[in-house]
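Please read the structure below before turning to the comments.
The values are calculated or read from the model by the stated rules, or taken from the named source; none is laboratory data. Keep in mind the model is a prediction, meaning the values are calculated, not measured. Don't worry about glycine lacking a Cβ; one is built from the backbone with ideal geometry, like all the others, and counts go over all protein chains shown. In case anyone asks, the SASA skips ligands and DNA or RNA and just uses the protein heavy atoms, side chains included. Shrake-Rupley method; radii C 1.70, N 1.55, O 1.52, S 1.80 Å.
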Amino acid sequence: MAKTVRIHAPGDASALTVEDVPVDAPGAGEVRIRHMACGLNFIDVYQRDGLYPLAMPTALGMEASGVVKAVGEGVSHLSVGDRVAYASAPPGAYCEERVMPAAQVCPLPDGIGFEEGAAMMLKGLTVEYLFHRTTPLKAGDTVLFHAAAGGVGLIACQWAKSEGITLIGTAGSDEKCALALAHGATHCINYATEDFAERVKELTDGKGVDVVMDAVGKSTWEGSISCLKPLGMMISFGNASGSVDPVPLQTLAAGGSLKLTRPTLFTHIAEHETCQEMARHLFQKVESGAVKITIGQRFALEEVQQAHRALEGRETTGQTVLLP
Ligand code: NDP
């Protein structure tokens, strides 16, 4: 039996329950992992509250680190005793131990701790694809990145700096802006007190930015589109403030031949080899010291309701882990 966080119906944080669930032997292509730490992500909130519907009841959690306890037939890249970390479906990472598909489970280098490993996979692989696989970006380009002091945000600030990219961040308080700046953001705008679109115009001498990376969604969409240079790329990759309303295509023409994409991590890591390659790139950034994983909050697995309330309530900064 393993303590596992589950929901029986979509709802608020009080829907989260900790239950004892049996853990089977791994089947073909699967591994059994004893978790050391589990990562908390905003996707867990969307899955819990029904924005991203799941069949009920369901376990939750998409990211964790731990030690391989058993390996199923046909798994050649992992062995019993390996330290591993992953960001992967199906949901169920908030638990002590589980069986799951092995393809997206990655060997964790000895130099990276379990808490860091659990905190960085989903958010770090997201930053990897945003900066290297979504649109061509080069040193000297300028990116607007919302919620820059959050889990994905603090990794993005450091990643941009390491690639010579100017990152204009936004965040909901002066303290959060200071944190983003300390992690390598070139500028950070407190969008609770300032009109971020106006400020971006000033900071770019009226030119606008090459790329917007917007996972805040509903509340920032209009301002974000207005910050792009002609031919700029809008990457809408989340909905922390709610889903973006349908967009008339003419908006893209009016902004100057703008491009728009709505990517997800899970299409990028669907192929085993690509996932492992992206993870090696992320590990190299962390091991080189270019990216530090900032664990802002730790909660016991049993405190999962509190952890969700803090994430939804904009009380967290950097990464958050649950400790089973
Ligand atoms: P964060 O730690 O960034 O938390 C979300 C932040 O969004 C908050 O701290 C808050 O920062 C900001 N925010 C703005 N408006 C609201 C609101 N109304 N309610 C709550 N938060 C708000 O979370 P994650 O790092 O886990 O994820 C960041 C975003 O990236 C999420 O939208 C997530 O879904 C998305 N994502 C998308 C992926 C993809 O592949 N498509 C993969 C990974 C993440 P502030 O107070 O500074 O405004």
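Below is a table of values for the structure above.
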quantity: Cross-chain or 6+ apart pairs with Cβ under 6 Å, segment 119-132 first and open to solvent by less than 10 Å² (accessible area, probe 1.4 Å), then away from the ligand (no atom under 11 Å from the Cβ) and among the β-branched types (V, I, T); calculated: A119/I293; A119/I295; A119/V321; M120/I293
quantity: Residues being in a loop (DSSP other than H, G, I, E, B) and either in contact with a His (Cβ under 9 Å, 6 or more places away or on another chain) or open to solvent by 10 Å² or more (accessible area, probe 1.4 Å) (or both) - total across segment 133-159; calculated: 13
quantity: Search result, residues across segment 62-84 that are touching a Ser or Thr at 6+ places or on another chain (Cβ under 9 Å) and either without any contact (Cβ under 8 Å) to a residue 40 or more places away in the chain or in a loop (DSSP other than H, G, I, E, B) (or both); calculated: M62, V68, R83
quantity: Number of the exception - E194 against (1) assigned to a loop (DSSP other than H, G, I, E, B); (2) under 18 Å from the mean Cα position of the chain (by Cα); calculated: (2)
quantity: Yes/no for A185 being in contact with a helix residue (DSSP H, G or I) (Cβ under 6 Å, 6 or more places away or on another chain) and either open to solvent by less than 50 Å² (accessible area, probe 1.4 Å) or more than 29 Å from L282 (Cα to Cα) (or both); calculated: yes
quantity: For P90: the one exception among (1) within 29 Å of L16 (Cβ to Cβ); (2) buried (at least 17 other Cβ atoms within 10 Å of the Cβ); calculated: (2)
quantity: Unique match (being open to solvent by 10 Å² or more (accessible area, probe 1.4 Å) and either away from the ligand (no atom under 14 Å from the Cβ) or touching a Phe, Trp or Tyr at 6+ places or on another chain (Cβ under 8 Å) (or both)) among G242, G223; calculated: G223
quantity: Index of the failed condition, H268 passing every other in (1) open to solvent by 20 Å² or more (accessible area, probe 1.4 Å); (2) touching a Phe, Trp or Tyr at 6+ places or on another chain (Cβ under 6 Å); (3) farther than 19 Å from S88 by Cα; calculated: (3)
